[in-house]
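What follows is a single structure, written as structure tokens, with notes after it.
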């Protein structure tokens, strides 16, 4: 028997309930995992509210790190005692869980469980955004929304290591300081400034090559105004609400723009690509390219409080839950 957060009805943070849960033995292709840390992400909120619905009841959460305690039939890549981290496997809000072995990646001994849980989904997201969705080149200019968030702080550091000019948006002066410290060249407080106007001023009217936007509804159309002709709009989240595009013609009138809505599931469906990307991510932590900020730590039992902080824009960097 283990403790897990269960959602039995879609709704606010109050639907997150700590319950006893029987795990059982791992089945074919599965491992049993004792979790040491669990990552908090906005997709957890989307699933809690039903924006991204799952069959009820379910255990939320997409990333974590811990120790393998048992393996099921046909598992050859891992053994009991191995340290692993994972992303993209719902059911993370638990002290122990079963996990498809194909979702786990080996966690190096020199990277802590808390760091592993803090960077897997966020770091892998930054990885595909900057190296696959738009293979960023030195000298290019990007706009990254929520630059002081979990993905944002990693992406700013990664983009600067490539040699890009990074413009970030934030929602407070405190968060502006964090984005600057991560290496952002210019930081815009969207609560007090017209970010599209400022981007045009910063780029002397040219616009940026790419916009990375996880905010969604509140920033989408103004973000299009930040792009140079034939620039790319990357909409990879919707913390302010889902995006609605009334007419594809808007992409033509604003400069023959490109638009994509990527997900980690599609970028890391190939096991070899996922393992190589995770290795790249861990190397960048080791060599100091990425400094990991865990801004908040909550007990698993306080998952509702963690969700309130995330939705209230009261978090910076990564947030983890401790079983």
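Read the figures in this text as sums done on the coordinates, not as results from a lab. Just so you know, these numbers come straight off a predicted model, no measurement behind them. Here the Cβ positions follow ideal geometry from the backbone for every residue, glycine too, while neighbour counts run over all protein chains shown.
Taking 0.36 nm per residue of separation and subtracting the Cα-Cα distance, full extension of the segment from residue 256 to residue 273 would add 3.0 nm. Between residue 52 and residue 79, the modelled label-to-label distance comes to 3.5 nm, taking each label 7 Å out from Cα in the direction of the beta carbon.
Sorted from longest to shortest, the spans of the Cα atoms of segment 138-261 along the three principal axes equal 39, 30, 24 Å. Dividing the summed -39500 (n - 2.57) terms of all DSSP H runs of n ≥ 4 by the residue count of the chain sets its mean residue ellipticity at 222 nm at -8500 deg cm²/dmol.
Each label point was placed 7 Å from the Cα along the Cα-to-Cβ direction; for residue 299 and residue 191 their separation is 3.0 nm.
For a quick check: sort 120, 132 by the number of other beta carbons within 10 angstrom, fewest at the front.
Values: 120 26, 132 13.
Ranking 120, 132 by Cβ neighbours within 10 Å, fewest first, gives 132, 120.
Short-range pairs are left out: with C-alpha atoms under 8 Å and at least six residues apart, the relative contact order of segment 221-303 is 28 percent. Highest average first, the peptides 255-265, 84-94, 147-157 ordered by how many other beta carbon atoms sit within 10 Å of their residues are 147-157, 84-94, 255-265.
Multiply the residue separation of residue 314 and residue 17 by 0.36 nm, subtract the distance between their alpha-carbon atoms, and state the gained length in nm to one decimal. Write out the running numbers ahead of the final one.
Details: separation 297, 0.36 × 297 = 106.92 nm, distance 2.21 nm.
Result: 104.7 nm gained on full extension.
Could you let me know the centre-to-centre spacing of segment 233-273 and segment 52-99, using Cα atoms, in angstrom? Distance between centres, Cα-based: 28 Å.
Ordered by the count of other Cβ atoms within 10 Å of each Cβ, fewest first, 134, 158 give 134, 158. Gain on full extension, evaluated as 0.36 nm per residue between residue 291 and residue 201 minus their Cα-Cα distance, stands at 29.4 nm. Using C-alpha pairs below 8 Å separated by at least 6 residues, the relative contact order for the chain is 17 percent.
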